[in-house]
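Please read the structure below before turning to the comments.
The values are calculated or read from the model by the stated rules, or taken from the named source; none is laboratory data. A quick note: this is a predicted structure, and the numbers were derived from the prediction, not measured. All Cβ positions, even for glycine, are placed from backbone atoms using ideal geometry, and neighbour counts span all protein chains on display. Only protein heavy atoms, including side chains, enter the accessible area calculation; ligands, DNA and RNA are left aside. Shrake-Rupley method; radii C 1.70, N 1.55, O 1.52, S 1.80 Å.
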Amino acid sequence: MSTNDLLPPFLALRVFEAAARLASFSRAADELDISPGAVSQHIKSLEEFAGQPLFRRLGRSVELTDAGRAAFAHAGVVLSEMLHAGRAMRSATRGRRISISTPPSFASKWLIPRLSHFQDSHPEVEVRLSADMTLTDFSTSDIDMAVRYGPGAYENLHFERLMAESVIVVCSPRFAEETGSLTSAADLVNIPLIHDDASERDPSCPSWSMWFAARGLRRTDVERGLRFNQSSLAIEAAVEGKGMVLAKRQLAQRDLNEGRLIAPLTEEAAPVAFAYWLVWPRGRRFEPSQNAFLTWLRGQVIASDPPADQTA
């Protein structure tokens with residue numbers, strides 16, 4: 001038997017790894033940008049190669065058989081090693097490129113407005129930005145580094161705190177002028193509220209009902225108002241005068257600095273437990289472009305918010 005007879009088809013192996021990791025053929029299809037039918041065909045060809053089932057079909061989800069679990073333990077390692085081989089082959093090209101993944105609201109409200117500074121200083125470097133709430137799987141992606149909003153302590157990754165976060169009540173100057181006095185929590189019991197229902201919400205970040213309750217106030221219609229699944233959209237609604245929002249200060253800071261938003265209450269921003277973390281695989285070696293971006297990003301944090309509690 002030749003070596004070729006012992007090697008599984010590579011494309012099918014890649015599909016298998018995604019389906020096993022996600023426990024879903026349809027989610028694997030979305031990730032790989034192929035049809036669910038194509039996923040089924042690749043899995044079928046791999047099971048024919050194996051001579052036994054690799055998955056149990058459970059309606060909308062799948063689970064690995066014993067043979068599938070044994071294969072999956074090796075598939076991720078194989079794909080990761082091939083990715084490293086590809087990075088090595090393209091090291092000259094990668095020396096002129098940075099690929100970074102961030103949450104969408106962080107990208108639109110904090111990073112993108114500052115990117116021109118980096119591009120002016122490093123016109124030779126191509127920036128590739130992926131704004132996505134899906135956690136980056138560095139073993140199967142070509143992302144150099146990622147910004148995550150969360151508690152930190154990410155397993156098997158180098159992580160450093162980029163910025164702390166806090167929550168602050170903001171609105172547009174026009175909204176405050178039209179509404180009248182807005183200096184205390186009691187002044188907010190009858191005004192329109194905007195709700196930030198972003199999927200990256202952390203347990204320490206208060207909702208409006210929690211915010212009023214913590215101040216001994218009760219508002220029967222506290223759940224009413226505009227709702228958004230992205231923090232950036234909730235902030236933009238406040239800029240447009242649609243109401244008050246509990247905003248993440250780092251995301252709202254540029255609008256506060258430039259007068260599109262104000263923080264009319266006398267109380268200070270309230271710290272939250274989550275922070276923005278810069279992460280990448282342990283042991284990863286960066287090319288000059290990635291090191292330049294890292295230096296620039298850390299400098300932007302210090303320049304824009306000296307007390308942001310960054311930890312190198």
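A few remarks follow.
- Test item: Cα-centred dipole of region 198-312, Lys/Arg +1 and Asp/Glu -1 on Cβ, debye: 260
- Against the chain, whose longest principal axis comes from its Cα atoms, helix 36-50 is set at around 40 degrees.
- Here the chain is assigned +1 on the Cβ of each Lys and Arg and -1 on the Cβ of each Asp and Glu. Its dipole about the Cα centre then comes out at about 240 debye.
- In nm, spacing of pseudo-spin labels at I191 and E178 (7 Å Cα→C-beta vector): 1.2
- Matching label, mean projected area of the Cα convex hull in nm² computed from the structure shown, candidates (1) 19.0; (2) 16.3; (3) 20.1: (3)
- Rounded to 0.05, the FRET efficiency of the L115 and Q52 pair, given R0 = 41 Å and the Cβ-Cβ distance, is 0.20.
- Listed residue (S121, A153, P206) projecting farthest to the positive dipole end of region 111-218, Cβ model: P206
- In the context of the full set of protein chains, residues of the chain present 51 Å² of accessible surface per residue (probe radius 1.4 Å, heavy atoms only).
- Overall, region 105-176 carries a charge dipole of about 520 debye about its Cα centre when +1 sits on the Cβ of Lys and Arg and -1 on the Cβ of Asp and Glu, all other atoms neutral.
- Between helix 288-304 and the chain: long-axis angle, C-alpha atoms, 0 to 90°, nearest 10: 20
- Sites counted here are chymotrypsin sites (Phe, Trp or Tyr not before Pro) in a DSSP loop (not H, G, I, E or B) having no more than 16 other Cβ atoms within 10 Å; the longest part of the chain that contains none of them is 1-153.
- Between D221 and E155, the simple spin-label model (points 7 angstrom out along Cα→Cβ) gives 4.7 nm.
- Counting only lysines at least 8 places from K109 when in the same chain, those with an alpha carbon closer than 25 Å to its own are K242, K248.
- Within the chain, the longest segment free of exposed loop sites, counting trypsin sites (Lys or Arg not before Pro) that fall outside DSSP classes H, G, I, E and B and have at most 15 other Cβ atoms within 10 Å, spans 97-214.
- By accessible area, using a 1.4 Å probe on protein heavy atoms only, region 181-312 has 52% of its surface on carbon and sulfur.
- Estimated at the nearest 10 Å², the accessible area of I34 is 60 Å² with a 1.4 Å probe.
- To the nearest 10, the accessible area of T134 is 90 Å² with a 1.4 Å probe.
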